[in-house]
1. With the structure loaded, tell me whether Thr180 is among the β-branched types (Val, Ile, Thr) and either open to solvent by 10 Å² or more (accessible area, probe 1.4 Å) or modelled with pLDDT under 90 (or both) or whether it fails that test.
2. So which residues in segment 381-404 are closer than 19 Å to Gly431 by Cα and open to solvent by 10 Å² or more (accessible area, probe 1.4 Å)?
3. Out of (1) surrounded by fewer than 17 Cβ atoms within 10 Å (Cβ to Cβ); (2) of a type outside the set (D, E, K, R); (3) at pLDDT below 50, the odd one out for Val241 is which?
4. Give the residue, chosen from Glu159, Glu151, that is modelled with pLDDT of 90 or more, among the acidic types (Asp, Glu) and buried (at least 20 other Cβ atoms within 10 Å of the Cβ).
5. Which one of these does Glu123 not meet: (1) charged (D, E, K, R); (2) modelled with pLDDT of 90 or more; (3) more than 38 Å from the chain's Cα centre (by Cα)?
6. So, in segment 546-568, exactly how many residues are in contact with a Ser or Thr (Cβ under 7 Å, 6 or more places away or on another chain) and in a loop (DSSP other than H, G, I, E, B)?
7. Give the residues of segment 361-380 that are open to solvent by 20 Å² or more (accessible area, probe 1.4 Å), over 13 Å from Thr336 (Cα atoms) and either in a helix (DSSP H, G or I) or touching a Cys at 6+ places or on another chain (Cβ under 7 Å) (or both), sorted by residue number.
8. Cβ contacts < 7 Å: first residue over 20 Å from Asn68 (Cβ atoms), restricted to segment 26-38; second residue in a loop (DSSP other than H, G, I, E, B), any location; separation 6+ or different chain. Result?
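The values are calculated or read from the model by the stated rules, or taken from the named source; none is laboratory data. These numbers were taken from a predicted model, which means no experiment stands behind them. Don't worry about glycine lacking a Cβ; one is built from the backbone with ideal geometry, like all the others, and counts go over all protein chains shown. Only protein heavy atoms, including side chains, enter the accessible area calculation; ligands, DNA and RNA are left aside. Shrake-Rupley method; radii C 1.70, N 1.55, O 1.52, S 1.80 Å.
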Amino acid sequence: MGANSSSFTELASNEYLKRLSSPDPINPIDPYWNQLLSFSFLIPINSSDGKLLEESTASVCKSVAIHNCKSGNFGALIRNFLVRATELKASVQCDDNIFTWQTYNALFIIRSLSKYFVEHLSEELILQQFEAKPKEMGGYKDPEEMGPLLEELMNSLVEMLVDVPVMNFTYALHLEALNTLLVLMSIQMFQPQPAHKFRVYQIMMQGRCSIHACVLVKALLRNFCNQEKCPPELYRQSADVNSMVASVAASLWSVMTLGMGNKTEKKEEEFQETLLANQSLLFLLVLSNHCTSERGISNPYREALFSFTNIHESSVSQVAATFKMDYNVLYSALCTTLRDDQTTLLLYLLIHRNTGVKAFIFSRTNIDQLVMPLLKILYHAQDKNSHHIYMALIILLILSEDDVFNKAVHEITLKNIPWFKERPISEISLGGLLILVVLRTIQYNITRMRDKYLHTNCLAALANMSTQFTNLHPYVAQRMVSLFSQLSKKHARVVEQIRESAVTETETEDALEQNSMQDLAVLEEVLRMVLEIINSCLSSSLHHNPHLVYSLLYQRELFNSFKTHPTFQDILQNIDIVLSFFSARVEEHGKGGNMSPAEVLDIIKEGSVQFRRDKLKKFPDLKFKYVEEESPEEFFIPYIWSLVYHSSNMYFNASRILLFSLSSS
């Protein structure tokens, strides 16, 4: 066998794999191991082959699970890997590619077997697989300092990620180290138990791995920031299947295609992806969002993520063990990859919890580079999952808590936004576009999703910004009033439904009436907030927003039916004072004749200077602050593992997942 290749269908009958899965122990110093680790698979050429690889080796994995407790061969494989991993730093320094490749192959087999164990065995049985040893130890005697094998493996992988430099010929090894750790921690997907009760999480959070928390988080963030593309030699097929490149490519290609079973075959240029950055980010999210609420258990990775500082600032951290990073590089990476759920989630964690990163973001003069991708996510809400939309909205809400941000967005001018298709807009402020997209999200939500949490966050962000609305584009003003119009029509329909159901007393009608009453309460809350936002803008910056006054005048009759409604009466008195003032001026200047929109607008601009805002009733400033809900793990853990399932390029057995429903992920 050696460097020969084998098709997927031949793997189950391969003599070396059969020996690995037999009940007969293989001595750790047997030449067999070098032969096994010099083996190369044929490169899968499409996504279905990735799944086929796992299906073709299922019988081998099952045999290992059955016989390993007697043979200890899985442990022998891990020990072989650990020896190689210990020597790897020296190997890398002298460019020993063959040694790196064999180390990678060992890890690939370990990961494949571990994945089978995690998906099919209880935690107790998984631990038994790691600690199984043959009765006759022979060459199996452990060094005295060696601890439990699972912890030795995990610690070795962590040290590899932080100590071995990322180069073309170590890229695959880093990727496989991340995949193996993700597979081990994916036990959370398959068994209904809090993370802190799993041994693998205890090892990461409290074992030797935790000593490396700061440097590991730094390494993962560095991988994310670097956005290094997969080296070409790792995804291009080679004519020489006996070459080292073909062998590494064989294993790596299977890594990249394992989980894309329902996607079309990829072209070569699509494999030039930032795979290491993606896996590093997913692993960082897994690390930092588990074991966050248990008393007596600290999460050192979470602490490191929330406390690292800017390399360009000489600040003394309150946290003893932390690290420094270049915030400029991080900001650039965030801005360019926000299309992905996982980047949006990372940005949320940083802006919500890391005070240094938050302050840095608020100080950016190019804040549009961050805001525009967020708006694009919301604009294409129909193509995104609800979690991604929530994260984007919450980030905007956090940004809107800062008055400097609210002012700055109206000072940045945008031209010709290609993805905004509602109508051609040659020029608009970033603030104006933000309002447009958030209004559109509310309208989308009201008509389709009926999600109170979502539109509450939308309105809270607009409310925070409302005192700083400046020179609103005519279309923005029009859409703001149009939203109120849409909501008022829906309000009238719901009121009518309640009246009709009250006439007929049946269980069905009672249920319909109850639902309608809930809808009415939500609608009136939303209507009230829309009016408060309009009032806040008029009270604070009426003279800067003539187009809003014009749109309100044009549809003044919309508000008539709400003037006596107790929920809206007080706020509408202010709006009515404004409209009455400008309506009188228009009538006075118009002298009964028709006036052009431009003439009406000129009258509004002139009147804005003379309007006395002290006539308006003073309402409390609209200030909303994002507060993370209690037990955030209930939201974040299923969300993060659904991202791993969909975005890690690894295949997981969907039928065995208990943590989340694939229909809602």
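1. no
2. Within segment 381-404, Glu401, Asp402, Asp403, Val404 meet the criteria.
3. (1)
4. From the options Glu159, Glu151, the qualifying one is Glu159.
5. Tallying (1) charged (D, E, K, R); (2) modelled with pLDDT of 90 or more; (3) more than 38 Å from the chain's Cα centre (by Cα), Glu123 fails exactly one: (3).
6. Residues in segment 546-568 being in contact with a Ser or Thr (Cβ under 7 Å, 6 or more places away or on another chain) and in a loop (DSSP other than H, G, I, E, B): 1 in total.
7. Phe362
8. Ser38/Gly2; Ser38/Ala3
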